[in-house]
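The values are calculated or read from the model by the stated rules, or taken from the named source; none is laboratory data. Since this is a predicted model, take the numbers as computed values, not measurements. Because the Cβ atoms are built from the backbone with ideal geometry, glycine has one as well, and the counts that use them run over all protein chains shown.
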């Protein structure tokens, strides 16, 4: 009688040593080289994490600075109310892509469902990554997006699999903040290593008033620019000079008015 085939043996991504994970075990430490790896079905990849440098208080301060920035409505940092906050290490698939010019680019894809997809724009230098600490597994969000699915998303960016020189699972520290503004609830993520804030949907500044002011200013000065042309067509050189003086005089008066109007709009929105 032939012995049963052992199927729970996998090679370490670093040294090739045999790994024998227990049933359901996905995070492992190689007993030969001490590498930390993640087991994705039949594939073993490196497992890293990004160490946090911000506590919740500093993360809230980063969120407040983002709320007071140029993207959000005026005084959002004062008018919004934080309803809840939660900390976890969120998983991202990490791909290193070598371009034709030899430059290496990092591509990130969420390894679990998340409402704030902007997180993939995180700047994640390889030098900041550390071997995953087994003591943090209780705070780590388990991956739910298979590696092959993430690779499919990367290939949709016209990047062949052969140009990917490194792949890994990275857990990054994030604070998830729920805040309310004018009866609506929004979500923002504060990355706890750099303080970067990410949000897909938020109370943004209205663009229409700025577009109207810009269009008005452009229309006024475009009309003024026609004065010298009309004067030159009518009275030649003398008409051009007269038209230029009229254009300059009205422009000097109109510029402060338009500037004051733009400043008033900026203060109100």
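In table form, for the structure just shown:
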{"read-out": "Residue satisfying all of: in region 142-158; without any contact (Cβ under 8 Å) to a residue 24 or more places away in the chain and not in a helix (DSSP H, G or I); nearest to the chain's Cα centre (by Cα) among these", "value": "156"}
{"read-out": "Residue 89, sole failed condition from (1) in contact with a helix residue (DSSP H, G or I) (Cβ under 7 Å, 6 or more places away or on another chain); (2) surrounded by fewer than 19 Cβ atoms within 10 Å (Cβ to Cβ)", "value": "(2)"}
{"read-out": "Selection within region 28-72 - in the same structural domain as residue 128 (by TED's automatic domain parsing), assigned to a loop (DSSP other than H, G, I, E, B), in contact with a strand residue (DSSP E or B) (Cβ under 7 Å, 6 or more places away or on another chain) and buried (at least 17 other Cβ atoms within 10 Å of the Cβ)", "value": "52"}
{"read-out": "Residue match in region 159-176 (condition: farther than 30 Å from residue 61 by Cβ, assigned to a loop (DSSP other than H, G, I, E, B) and touching a residue at least 24 places away in the same chain (Cβ under 8 Å))", "value": "yes"}
{"read-out": "Test result for residue 269, modelled with pLDDT under 75, surrounded by 15 or more Cβ atoms within 10 Å (Cβ to Cβ) and either closer than 30 Å to residue 181 by Cβ or in contact with a helix residue (DSSP H, G or I) (Cβ under 6 Å, 6 or more places away or on another chain) (or both)", "value": "no"}
{"read-out": "Any hit, region 209-220, residues being assigned to a helix (DSSP H, G or I), farther than 30 Å from residue 87 by Cβ, modelled with pLDDT of 75 or more and not assigned by TED's automatic domain parsing to the domain that holds residue 71", "value": "yes"}
{"read-out": "Enumeration of residues in region 11-27 that are outside any loop (DSSP other than H, G, I, E, B) and within 21 Å of residue 133 (Cβ to Cβ)", "value": "19, 27"}
